Amino acid sequence: MLPLPNQTTEVSWQSSPASCTMARSTFFYTDSRVLGGAENAMLMLLESLDRDAWQPTLLLEDAAGVEPIRARAEAADVPVRMIPPLPLGLAGARRVPALRRLLRRARPDVFHAHMSSPIAAKWGLAAAVLAGVRAVLGTVQVISHYVPDRSARLQLRLLAGRVDRYLAVSREIATGLVADYGWPAAKIEIVHNAVAVERFGVEAPPGLRRELGAADRPLILTSARLSDQKGLPVLLEAAVEVPEAVFALAGNGPERGRLEELAGRLEVADRVRFLGRRDDVPELLAACDVFALPSLYEGTSLAVLEAMAARRAVVSSAIGGTEELIEAGRSGLLVPPGDATALAGALRRLLADQGLREQLATQARERVEQEFTRAGMAARVSAVYEELLGDD
């Protein structure tokens, strides 16, 4: 990518005095094709912003798979504008001028990209910088084990020098963006994801445990996209060592077939329920005894936050991000990532000790109420917007 020209030569527009009392236009952008944790976090922020202060619009790429994201945004009364896809590489670069023109015409005050990785949304951010949008920022949800080559890192570093702010959803992500990508530390701020606490005070519907095959057996729930990131083969291996329990997996993803095959090979298929995508996660959490998520890496796991909000004892991996949510031994249990024996031991410990389950669950709920509400998250992001916009 070529160095970006100075945007101050592109745009001289400033807000009129009257605009100070009006809601400011805020364009959200994602190049994602799936409705997963990163996208749900973006949608939660869209739903939670003060509409008297911010007028959000979602820019969504016109590609297969985006319809659930569009439907959620429209259900929240957020206008959606479809744009041509901006894939990585030259094909996406060639479409930057068109998006730049769109942004120059629309003149949003804020352009906020939501990034499933540090390389995501690159061309959208470049277009916003070139268009002279007054506040350009991106939220980075995950850093995977994959690190781009030197050329790609250089391109991203050049862009990071022109973007106004990056929001990292965990301290580990913030550290990685500086150490592994060379992004300016002064431009990175930590804003954890949040949970809609009010959704998670429901009772389990009568008959739900029976429907899941756990009427008289312990029920362990996992809510996650079925992908490599979530470490679900470790969960199935742990299930071998917890023969008294039923395991329910709520979610879809590319690894479902392999996981079903593995469950058969491990001879636990009769106790593992693949539920597919569910809209009743609060009810499933109310029905379960323990929540487990053995992820290999995370940003700020919405699934863990939801389980904590539902007052459920959580067992998860001792990894960056999750360690910032769960205080080990106080609001949940943490085990080494990839260790099926340790996971099984933690699950057996909780199933055998109702008092410990209740203690962890109560403290987990208190923690999310104090630290991870969506109102608090929206206020922190809004403060960043206001700081970048300055005094009008």
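The values are calculated or read from the model by the stated rules, or taken from the named source; none is laboratory data. Nothing here was measured: the structure is a model prediction, and the numbers come from that model. Reconstructed Cβ throughout: ideal geometry from the backbone, glycine too, with neighbour counts over all protein chains shown. All accessible areas refer to the heavy atoms of the entire protein, side chains included, with ligands and DNA or RNA removed. Shrake-Rupley method; radii C 1.70, N 1.55, O 1.52, S 1.80 Å.
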Item to check | Considering residues of the stretch 138-149 that are among the hydrophobic types (A, V, I, L, M, F, W, C) and open to solvent by less than 30 Å² (accessible area, probe 1.4 Å) only, the residue modelled with the lowest pLDDT | outcome: Val142
Item to check | Subset tally (residues that are open to solvent by 40 Å² or more (accessible area, probe 1.4 Å) and at negative phi) for the stretch 68-105 | outcome: 22
Item to check | Out of Ala135, Ala152, sole residue that is over 21 Å from the mean Cα position of the chain (by Cα) and buried (at least 18 other Cβ atoms within 10 Å of the Cβ) | outcome: Ala135
Checklist outcome for this item: Residue hits (the stretch 193-219; within 18 Å of Arg312 (Cβ to Cβ), open to solvent by 60 Å² or more (accessible area, probe 1.4 Å) and outside any loop (DSSP other than H, G, I, E, B)) are Glu198, Arg199, Arg209
Checklist entry - In the stretch 302-357, how many are assigned to a loop (DSSP other than H, G, I, E, B), within 26 Å of Gln141 (Cβ to Cβ) and of a type in the set (A, V, I, L, M, F, W, C)? => result 4
Checklist entry - So, in the stretch 52-67, of the ones that are open to solvent by 60 Å² or more (accessible area, probe 1.4 Å) and of a type outside the set (S, T, N, Q), which residue ends up farthest from Thr26 (Cα to Cα)? => result Ala64
Checklist entry - Can you find a residue in the stretch 350-358 that is closer than 19 Å to Ser48 by Cβ and polar (S, T, N, Q)? => result no
Item to check | Selection count, the stretch 220-249, where residues are in a loop (DSSP other than H, G, I, E, B) and acidic (Asp, Glu) | outcome: 2
Next on the checklist: What's the number of the only condition in (1) touching a helix residue (DSSP H, G or I) at 6+ places or on another chain (Cβ under 7 Å); (2) farther than 22 Å from Leu249 by Cα that Leu389 fails to meet?
Outcome noted: (1)
Next on the checklist: With the requirement that a residue be surrounded by 23 or more Cβ atoms within 10 Å (Cβ to Cβ) and at positive phi, what does the stretch 308-367 give you?
Outcome noted: Gly321, Gly332
